[in-house]
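> Here you go, one structure.
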Amino acid sequence: MALALWAIPLGAYEVDGVDVHGSLSQSYMKTHGHEWLIPGSLEGTFEYTEFSLNAYKQFEHWNLGAQVISRDFGREGDFELRLDWAHVEFNALDALSLRLGRVKLPFGLYAEFRDVDMARTEILLPQTFLPEDYRGAAVAYDGVGVAGDIPIGESHLLQYHLYWGTNNIKDDFFLNYLTQGIYESATAVPPALPGISQDQAVLDTKTLRGGQLIWSYDPWQWRLGYNYLHYIGHFALDFYDLKNFAGGVPNVVRDELGLELDIQWHILSTDLFLGDWFFRAETMMRLNDYTQGDLFMDRFGGPGGLTTNLANGNELWSWYFSVQRQLLDSTGVYARFGRFILVEEEPVVGGSTKLNEFSVGVRHDFSEHVLGKLQVFHYWGYPGTLDQATNNDSSWGMVLARMTVHF
Amino acid sequence: MRVRLFLLLLLSMGVHLHGDFVLVGGSGFPKNEISATTLKRLFLGHLSFLEGERITLHQIEGDSLKSFCEKHLKVSLTNYERRWARRIFTGKGRVPRTFKDEGSMLKSLLEQEHGLGFVNRSTTLPEGVRVINIIQGD
């Protein structure tokens with residue numbers, strides 16, 4: 001599909017002052033040693049497609065815009081059209097703007113545009129930092145935000161973004177996680193769980209609040225950022241007794257308090273341009289505090305992602321650094337190393353404790369509107385069971401190639 | 001005071017003469033001169049307003065934009081385009097209006113009283129647009 005669009009004349013479209021932009025990307029993924037992220041990846045798969053289209057109108061002090069996104073990512077997405085962001089913004093001045101609606105969630109310096117392939121050299125952001133199988137948890141918030149850019153003299157700039165609202169992760173994500181090992185359901189209804197209804201496994205509270213602060217030193221193009229995110233989620237009352245789950249069908253139990261997830265993230269980020277070189281690093285600490293969490297979470301490893309089986313009291317520390325070099329106007333390369341370490345309050349047998357990622361890649365812009373990328377990954381040091389259907393190796397590799405058309 | 005004014009004048013002339021571009025503004029552009037830092041912040045999306053007026057940015061695609069980015073914004077064209085891609089696809093701003101040639105850009109500036117763009121120094125400007133000087137400092 002992306003190749004077909006190559007032939008269409010592309011450019012930014014403006015209709016009555018409304019700017020229209022879009023992108024379409026098609027990826028090919030192949031893993032070695034572990035079937036990861038997308039079923040069938042060991043044999044190679046094209047089940048990784050993304051499409052986005054946005055419209056944006058600017059008035060004197062008001063901005064209005066929306067973007068839809070559709071993606072197919074193995075068992076997730078299934079080309080369901082979703083509202084990625086849609087907000088109205090009142091710009092009193094550059095230092096103070098008010099946003100209302102669905103707004104991209106600041107989560108480090110790069111998560112806001114993790115779907116914007118044009119904005120970076122690599123395809124996937126570090127999977128030890130922003131795991132793709134947990135994407136739905138940190139995409140956007142529905143609520144209100146206050147943001148602004150404050151110049152300080154000739155050389156300094158302070159940017160801030162404070163927000164309060166709800167997470168737009170799907171209400172039934174945990175049900176999908178249990179039944180299919182995925183977080184975002186597709187249009188297909190997931191199979192019913194024995195003894196439990198879908199209504200009893202949904203999130204009824206998804207409150208989040210937080211902020212981002214970025215200081216920039218213009219002469220060096222150096223940025224330093226801090227993000228804080230506090231998330232409170234709550235599940236309905238009836239659920240599986242995962243604490244005593246030993247295989248088969250778990251018992252359904254009633255807990256009047258339900259399960260409350262209280263999670264905080266602290267993220268420190270920095271990046272720096274030096275001529276054609278670009279350096280960046282981020283580190284994140286995630287702190288879990290679950291009420292009644294022991295009942296559900298202690299024995300639960302989950303069938304899907306690697307970083308998600310966090311029990312009450314656990315802390316997740318992850319970091320990465322990246323070096324990028326623009327070789328030509330149209331060609332850039334990068335290398336990146338990242339790691340996460342799970343600090344468990346009570347060590348769990350077979351649980352995940354760490355993962356290392358090293359990746360290199362290249363991006364080439366064929367034209368103003370068409371670009372191609374290649375990214376190679378190596379993962380190692382994960383002590384848990386990776387994929388029982390294939391092997392129990394503690395390392396694996398992945399190759400990802402992508403073509404993107406945008407206007 | 002006179003010495004400082006003279007030095008300021010020399011400085012602004014120097015920047016003006018040594019660049020390949022001159023800034024041009026619409027008839028109602030709120031300033032006669034802007035600092036190099038303000039210019040950079042405008043085109044990198046950190047500033048939208050001057051004297052309370054929203055500025056409509058104009059640019060010419062191709063080599064002109066590449067030279068403008070490197071000489072006046074101190075960023076590569078790649079860096080510049082990626083910054084705007086982030087804004088466009090996250091709902092954080094409107095990319096500068098892009099034109100294929102100076103003629104069509106100047107025509108637009110005649111209609112955009114708060115517009116700001118750049119043309120080659122040798123370009124003859126029509127009535128209704130004016131040169132905006134670049135100065136060092138705020």
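> Kindly indicate whether B:Leu42 is part of a helix (DSSP H, G or I), at pLDDT below 95, within 30 Å of A:Leu328 (Cβ to Cβ) and among the hydrophobic types (A, V, I, L, M, F, W, C).
no
> Can you pull out the residues in segment B:35-45 that are more than 24 Å from A:Gly22 (Cβ to Cβ), facing chain A (nearest Cβ under 9 Å) and in contact with a strand residue (DSSP E or B) (Cβ under 9 Å, 6 or more places away or on another chain)?
The answer is B:Ser35, B:Ala36, B:Thr37, B:Thr38, B:Arg41.
> Continuing with the same structure: Those residues that are surrounded by 15 or more Cβ atoms within 10 Å (Cβ to Cβ), at pLDDT below 85 and part of a strand (DSSP E or B), I need them from segment A:356-407; list them, please.
A:Asp387
> Can you tell me which of (1) farther than 29 Å from A:Arg114 by Cα; (2) at pLDDT below 90 is the one B:Gly62 doesn't meet?
Evaluating B:Gly62 over (1) farther than 29 Å from A:Arg114 by Cα; (2) at pLDDT below 90 leaves (1) as the failure.
> Another one. Filter segment B:51-71 for residues that are more than 28 Å from A:Trp215 (Cβ to Cβ), among the charged types (D, E, K, R) and more than 10 Å from chain A (Cβ to nearest Cβ) and give the result.
The answer is B:Asp63, and nothing else.
> Any idea how many residues of segment A:154-169 are modelled with pLDDT under 90 and surrounded by fewer than 19 Cβ atoms within 10 Å (Cβ to Cβ)?
Adding up the residues that qualify gives 1.
> Which ranges mark the strands (runs of 3 or more DSSP E) fully within segment B:94-138 that have 1 or more residues being away from chain A (no Cβ under 14 Å), among the charged types (D, E, K, R) and within 14 Å of the chain's Cα centre (by Cα)?
Those strands (runs of 3 or more DSSP E) span B:130-135.
> Enumerate the pairs (first residue in segment A:213-224 and in contact (Cβ under 8 Å) with a residue 12 or more places away in the chain; second residue anywhere and basic (Lys, Arg)) with beta-carbon separation below 6 Å, excluding pairs fewer than 6 apart on the same chain, so at least 6 apart or on different chains.
What qualifies is A:Ile214/A:Arg223; A:Ser216/A:Arg223.
> A:Tyr231: surrounded by fewer than 18 Cβ atoms within 10 Å (Cβ to Cβ), at pLDDT 80 or above, assigned to a strand (DSSP E or B) and within 18 Å of the chain's Cα centre (by Cα), yes or no? It would help to see each step written out before you state the result.
Numbers: surrounded by fewer than 18 Cβ atoms within 10 Å (Cβ to Cβ): no; at pLDDT 80 or above: yes; assigned to a strand (DSSP E or B): yes; within 18 Å of the chain's Cα centre (by Cα): yes.
No; evaluated as a whole, the condition is false for this residue.
> Something else now. Please work out which residue is nearest to the chain's Cα centre (by Cα), limiting yourself to segment A:38-68 and to residues that are away from every other protein chain (no Cβ under 14 Å) and charged (D, E, K, R).
Per the stated criteria, the residue is A:Glu47.
> Find the strands (runs of 3 or more DSSP E) located wholly in segment A:252-328 whose residues include 2 or more that are at pLDDT 90 or above and hydrophobic (A, V, I, L, M, F, W, C), and list them. Outline the logic, then answer.
Values: elements: A:252-254, A:259-274, A:277-291, A:315-326.
Counting at least 2 such residues, we get A:259-274, A:277-291, A:315-326.
> Can you pull out the residues in segment B:49-71 that are among the β-branched types (Val, Ile, Thr) and part of a strand (DSSP E or B)? Outline the logic, then answer.
To start, the set of residues in segment B:49-71 that are among the β-branched types (Val, Ile, Thr) comprises B:55-56, B:60.
Result: B:Thr56, B:Ile60.
> Could you please give the count of residues in segment B:102-117 that are touching a helix residue (DSSP H, G or I) at 6+ places or on another chain (Cβ under 9 Å) and charged (D, E, K, R)?
So in segment B:102-117, the residues touching a helix residue (DSSP H, G or I) at 6+ places or on another chain (Cβ under 9 Å) come out as B:102, B:115-117.
Then keep just the ones that are charged (D, E, K, R); that gives B:102.
So the answer is 1.
> Which of the residues that make up segment B:71-103 are surrounded by fewer than 21 Cβ atoms within 10 Å (Cβ to Cβ) and aliphatic (A, V, I, L, M)?
Residues satisfying the conditions are B:Leu73, B:Val75, B:Leu77, B:Ala85, B:Val95.
> Okay, next question. Quick one: would you say B:Ser48 is hydroxyl-bearing (Ser, Thr, Tyr), within 23 Å of B:Glu33 (Cβ to Cβ) and within 8 Å of chain A (Cβ to nearest Cβ)?
It is true that B:Ser48 is hydroxyl-bearing (Ser, Thr, Tyr), within 23 Å of B:Glu33 (Cβ to Cβ) and within 8 Å of chain A (Cβ to nearest Cβ).
> Mind listing just one residue for me: the one in segment A:118-168 that is of a type in the set (D, E, K, R) and in a strand (DSSP E or B) and, of those, farthest from A:Gly101 (Cα to Cα)?
To start, the set of residues in segment A:118-168 that are of a type in the set (D, E, K, R) comprises A:120, A:122, A:132-133, A:135, A:142, A:149, A:154.
Adding the requirement that they be in a strand (DSSP E or B) leaves A:142, A:149.
Values: A:Asp142: 6, A:Asp149: 20 Å.
Per the criteria, the residue is A:Asp149.
> Among the residues of segment B:72-93, how many are at the interface with chain A (Cβ under 10 Å from one of its Cβ atoms) and in a helix (DSSP H, G or I)? So that I can check it myself, show each step before the final result.
From segment B:72-93, those at the interface with chain A (Cβ under 10 Å from one of its Cβ atoms) are B:74-79, B:81-93; that's our starting set.
Filter once more, so that each one left must be in a helix (DSSP H, G or I): B:77-79, B:81-88.
The total comes to 11.
> Further, regarding this structure: Pick from segment A:90-119 the residues that are acidic (Asp, Glu) and surrounded by 22 or more Cβ atoms within 10 Å (Cβ to Cβ): which of them is farthest from the other protein chains (Cβ to nearest Cβ)?
Residue satisfying both the conditions and the ranking: A:Asp117.
The values are calculated or read from the model by the stated rules, or taken from the named source; none is laboratory data. Just so it is clear, the model here is predicted, and its values are computed rather than measured. A quick note on method: Cβ atoms are made from the backbone with ideal geometry, for glycine too, and the neighbour counts reach across all protein chains shown.
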